[in-house]
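Have a look at the structure below, then the notes.
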Amino acid sequence: MLITFEGLDYSGKSTQIKLLADRLRRERHEVLVLREPGGTPVGESIRAILLDTKSSGMTPVGEFLLFSASRAQLVEQVIKPELAAGKVVICDRFYDSSTAYQGFGRGIPLDAIRTVNALATDRLTPDLTFFIDIPLDEVERRIRERKEGKDRIESSGRAFYERVRAGYLHLASEEKRFRVLEGMKSIEEIQADVWKTVEALLKEHVRT
């Protein structure tokens, strides 16, 4: 089973992924947690390039193709073998991030995004995708609270993130596998919402 988490930066994805993985392990499921970009030696090298503020001259298409190259390595070398072994794979971002960030955010034609996404993933589709939705004002507040410099993508500006958020909400309205989570709820409340959905999906898989 492949479960992905999506959201704007600082939406709380990492926290919810850890809580879900811990709960699944307590329920005796084998779990692997991954992140994008990254997860392989090639992917981690690409991640460093993508987030480096020195890469500020990168074109939208170049950015998208680097994300896709990392994703292709991750799918082929890690995700597909682990799914075949019966593990639950939880991924912090997957190809929906490219649709939202590079498609809606950067303006790359969505048909091109979909074509490359399909190629990079060998048409692998998540069984379940959570989108943790938080307002832009909250994103900015959390960035200020962190008191660290922004990486290259975080420096893209408010209008960019507004387009990305709108893109995610559009995807959620189109894709049945999406579940929108209210990111302003408490960590415990979001965790409960996540587990309720995952538990139901696990039972459905057992029946099938």
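Here are a few things to note about the model shown:
- Share of carbon and sulfur in the accessible heavy-atom surface of the range 4-86 [1.4 Å probe, %]: 55
- Legend: residues 47, 114, sorted from most to least accessible area (1.4 Å probe; ligands, DNA and RNA excluded), read 114, 47.
- Given their separation in residues at 0.36 nm each and the Cα-Cα distance between them, residue 77 and residue 173 gain 31.4 nm when the chain is fully extended.
- Farthest toward the positive end of the dipole of the chain, out of 83, 198, 169, is the Cα of 83, where the dipole comes from beta carbon charges about the Cα centre.
- Flagged links, alpha-carbon separation over 32 Å, of 54/196; 54/185; 13/203; 13/54: 54/196; 54/185
- Shown here: the range 8-72, whose C-alpha atoms stretch 46, 24, 16 Å along the first, second and third principal axes, sorted largest to smallest.
- Near residue 179, the amide H atoms lying under 5 Å from its own belong to 129, 130, 131; only residues 5 or more places off or on other chains count, and H is placed 1.01 Å from N.
- Cβ charges +1 (Lys, Arg) and -1 (Asp, Glu), total dipole of the chain, debye: 180
- Spacing of the two label points (7 Å from each Cα toward its C-beta) at residue 125 and residue 85, in nm: 2.7
- Residue-wise HN-Hα coupling along the range 83-92, computed from phi with Karplus coefficients 6.51, -1.76, 1.60 (Hz; x: Gly, Pro): 5, 5, 7, x, 7, 8, 9, 10, 10, 7
- Carbon/sulfur fraction of accessible area - the range 160-208, other protein chains in place, 1.4 Å, %: 50
- Accessible surface calculations at 1.4 Å, restricted to protein heavy atoms, place the chain at 51 Å² per residue.
- Alpha-carbon centroid distance for the pair the range 120-193 / the range 11-37, whole angstrom: 17
- In this structure, the amide hydrogen of residue 91, modeled 1.01 Å from its nitrogen in the peptide plane, lies closer than 5 angstrom to those of 3, 4, 5, 34, counting only residues at least 5 positions away or on a different chain.
- Working from Cα pairs under 8 Å separated by at least six residues, relative contact order for the chain is 31 percent.
- Between 103, 60, 20, the Cα set farthest toward the positive side of the dipole of the chain (charges on each charged residue's Cβ, about the Cα centre) is that of 20.
The values are calculated or read from the model by the stated rules, or taken from the named source; none is laboratory data. Please read these numbers as outputs of a predicted model, since none were measured by experiment. Cβ: placed from backbone, ideal geometry, glycine included. Neighbour counts: every protein chain shown. All accessible areas refer to the heavy atoms of the entire protein, side chains included, with ligands and DNA or RNA removed. Shrake-Rupley method; radii C 1.70, N 1.55, O 1.52, S 1.80 Å.
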